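The values are calculated or read from the model by the stated rules, or taken from the named source; none is laboratory data. The structure presented is a predicted model; accordingly, all values stated were derived computationally and were not measured. Note that each Cβ is placed from the backbone with ideal geometry, even for glycine, and that neighbours are counted across all protein chains shown.
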């Protein structure tokens, strides 16, 4: 089973919004085979608390313009989680991302190619 088309469209919108605020190292993980509540995790990094807040706000604004609102937003000083049910966005500082290593936790899940990152230079 693969993520639904609607979920992949949300993923692309969220990715574009994150890149607009200079998010780095974006990774999308397909969770459909793991029997979890969400289909996709999007993991992105920001340099500091202000940047991860700006990234999260921009994602929320862009998805809200498409009538999508998170059912939950959780925030700490180094990690913001936006839960859109089938898409969950994790925005972390590099330090926290290296500590929790979500990509490694879900290493047995396939990665999703994100077209919005193809035209971006750097570590995406």
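Exactly one residue out of 95, 53 is surrounded by fewer than 18 Cβ atoms within 10 Å (Cβ to Cβ), touching a strand residue (DSSP E or B) at 6+ places or on another chain (Cβ under 8 Å) and more than 16 Å from residue 9 (Cβ to Cβ), and it is 53.
For the range 9-30, filtering for residues that are surrounded by fewer than 19 Cβ atoms within 10 Å (Cβ to Cβ) and in contact with a strand residue (DSSP E or B) (Cβ under 7 Å, 6 or more places away or on another chain) leaves 2. Residues in the range 38-55 that are touching a helix residue (DSSP H, G or I) at 6+ places or on another chain (Cβ under 6 Å), farther than 14 Å from residue 87 by Cβ and touching a residue at least 40 places away in the same chain (Cβ under 8 Å): 45, 46. Listed conditions (1) within 14 Å of residue 83 (Cα to Cα); (2) modelled with pLDDT of 95 or more; (3) surrounded by fewer than 23 Cβ atoms within 10 Å (Cβ to Cβ) are all met by residue 6, apart from (1). Please go through the range 76-100 and give me each residue that is touching a helix residue (DSSP H, G or I) at 6+ places or on another chain (Cβ under 8 Å) and assigned to a strand (DSSP E or B), ordered by number. Once the filter is applied, which keeps residues that are touching a helix residue (DSSP H, G or I) at 6+ places or on another chain (Cβ under 8 Å) and assigned to a strand (DSSP E or B), the range 76-100 yields 79, 80, 82, 87, 89, 90, 91, 92, 93. Of the residues making up the range 56-75, just one is free of Cβ contacts under 8 Å to residues at least 40 places away in the same chain, in contact with a strand residue (DSSP E or B) (Cβ under 8 Å, 6 or more places away or on another chain) and within 16 Å of residue 22 (Cβ to Cβ), namely 56.
Quick check on the range 21-37. Is at least one of its residues farther than 23 Å from residue 104 by Cβ and touching a helix residue (DSSP H, G or I) at 6+ places or on another chain (Cβ under 8 Å)? Scanning the range 21-37 turns up at least one residue that is farther than 23 Å from residue 104 by Cβ and touching a helix residue (DSSP H, G or I) at 6+ places or on another chain (Cβ under 8 Å). Filtering the range 31-48 to residues that are out of contact with any strand residue (DSSP E or B) (no Cβ under 7 Å at 6 or more places or on another chain) and not in a loop (DSSP other than H, G, I, E, B) leaves 32, 33, 34.
Go through 68, 60, 103 for me and flag whichever is within 19 Å of residue 12 (Cα to Cα), in a helix (DSSP H, G or I) and modelled with pLDDT of 95 or more. Give the steps one after another, and end with the answer.
Numbers: 68 fails: in a helix (DSSP H, G or I); 103 fails: modelled with pLDDT of 95 or more.
On inspection, the qualifying residue turns out to be 60.
Within 15 Å of residue 87 (Cβ to Cβ) and part of a helix (DSSP H, G or I): is that true of residue 12 in this structure? Don't jump to the end; show me each part of the working.
Details: within 15 Å of residue 87 (Cβ to Cβ): yes; part of a helix (DSSP H, G or I): yes.
Yes: the conditions hold for residue 12.
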